[in-house]
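Here's the structure we're looking at; comments come further down.
Please treat every number below as a calculation from the coordinates, not as lab data. These figures come from a predicted structure and were not determined experimentally. Positions of Cβ are generated from backbone atoms using ideal geometry, with glycine treated the same way; all protein chains shown enter the neighbour counts.
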Amino acid sequence: MFIDLRSDTVTQPTPAMREAMANAPVGDDVYGDDPTINQLEKLACEILGKEAALFVPSGTFGNQVAIMTHTKRGDEILVGDACHILMHEVGAAAVLSGVQVRTFPVVGNNIDVQKLAGMLRGDDIHFPDTGLICMENAQSSGQVVQLSNMQAIYELAHDHDIPVHLDGARLFNAALALGVNAKEIAQFSDSVNVCLSKGLCAPVGSLLLGTESFIKKARKNRKLMGGGLRQAGILAAAGIIALTDMVDRLESDHQNARYLANRLEEIESCVVQRDRLDINMVFFTLAESVITETELVNGLLQKNIKISGQENGEYRFVTNNDITSDDIDLTIDTMKGLVSRFS
């Protein structure tokens, strides 16, 4: 068995999920007659306060079908300067939707509404149309955006007849951090993508939600992108448990992240980014003079502990359902041993 801190995408489905998947009634979702898919989509609408929902294979798929559905080719979309859509979706917006991506600055957990307003395109023959604004909450940085900031952006967009898409891959983590219901976050978007396969432990899948007319169009785009999954109720069964049983336990992941941050600071030269500890992610730096990336990653792997290498000079550890405080203690003790060995 491995201790896996690379992401909360690595979680194993729970025994209850496996049982539900084995016994799920199914139909053909492309025809709209898979009862378990329909149950999941209805449940998601009730939880997030949207008219309609669509099951999709992944968070990236959900974001990209949303972009395709909201925009026309040649539009410009505005996204945060370090968001998942920009940094970790393989340039898909350009390839699939033919849109131009332009970034607005995100400083900490705040989006400058005035700067964003100045980026909206006017009616000029030389300009692309601003087709979509994308927000992210929780952010890839590990921080959450305040509701007042989201509301200001949503109102700005609607004043200019521009739709807003919310990448809510970890929406329920953000809701926990803000102390609000997830529906209160989702209200400031025209569409929202929510992942079931991260901290909520479902093995596959995300949900895209919006108005009935939007989802009807998105359903056709899902088919275009190869996302019609037929008897997908087997997967949806796990998604239902993710939404009904796994949201409340996210507090444990957040507590473990704070515990992990405290223990990491026991290591020489380890600097934890405390201002980005809103959810279940811990970002930190560790000087190469103390231990190199290769020594740390390979040394931990030899002890059955999986971590990712650095990105932009930082490490990221992510707590999840399969990580306990004992796992954290073992990881830190192993890191201390490696630092002592290589320094």
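In this structure, the pairs whose alpha-carbon distance is over 21 Å, taken from 198/306; 42/220; 42/183; 42/216; 198/223; 50/217, are 198/223.
What does the extension gain come out to for residue 326 and residue 341, with contour length at 0.36 nm per residue minus their alpha carbon separation?
Going from the current span to full extension adds 3.2 nm.
Decide, for the chain, between rounded, prolate and oblate: order the square roots of the alpha carbon gyration tensor eigenvalues as a ≥ b ≥ c, take rounded if a/c falls under 1.5, and otherwise choose prolate if a/b is larger than b/c, else oblate. Please list the in-between numbers first.
Numbers: a/c = 2.00, a/b = 1.30, b/c = 1.54.
Note, shape of the chain comes out oblate.
Relative to the dominant Cα principal axis of the chain, helix 59-70 is inclined by about 20°.
Neighbours of residue 127 by Cβ distance under 12 Å: Lys/Arg scored +1, Asp/Glu scored -1, total -3.
When each of the peptides 53-63, 112-122 is scored by the mean number of other C-beta atoms lying within 10 Å of its residues, the order from highest to lowest reads 53-63, 112-122. Mind running the shape call on segment 116-249? Use the C-alpha gyration tensor, a ≥ b ≥ c as the square roots of the eigenvalues: rounded below 1.5 for a/c, prolate if a/b tops b/c, oblate otherwise. In terms of gyration-tensor shape, oblate. The phi-based Karplus calculation (6.51 cos²θ - 1.76 cosθ + 1.60; θ = phi - 60°) puts the 3J(HN,Hα) values of segment 18-27 at 4, 5, 5, 5, 5, 10, 5, x, 10, x Hz, whole numbers, x for Gly and Pro. One chain, two ends: residue 271 and residue 213. Fully extended at 0.36 nm per residue, the span grows by 16.1 nm beyond their Cα-Cα distance. Rounded to the nearest 10 degrees, the angle from helix 233-245 to the longest Cα principal axis of the chain is 70 degrees. The residue 31 and residue 181 beta-carbon pair, evaluated with R₀ = 25 Å, returns a calculated FRET efficiency of approximately 0.15. Note on residue 46 and residue 73: with the Förster distance fixed at 56 Å, the Cβ-Cβ geometry gives a FRET efficiency of about 0.95. For the chain, DSSP calls about 50 percent of its internal beta bridges antiparallel.
Computed from Cα positions, the angle between helix 147-159 and the longest principal axis of the chain comes to roughly 30 degrees. Calculated on the Cα set of segment 191-343, radius of gyration then Dmax: 19.5, 61 Å.
Averaging over all projection directions, the Cα-based convex hull of segment 59-98 occupies 2.5 nm² in the image plane.
How would 290, 107 line up from fewest to most surrounding beta-carbon atoms within 10 angstrom?
On the way: 290 16, 107 9.
Ranking 290, 107 by Cβ neighbours within 10 Å, fewest first, gives 107, 290.
Extension gain, residue 148 to residue 288: 0.36 nm times the residue separation minus the Cα-Cα distance gives 46.4 nm.
Counting beta carbons within 10 Å around each of 225, 21, 68 and listing the fewest first gives the order 225, 21, 68.
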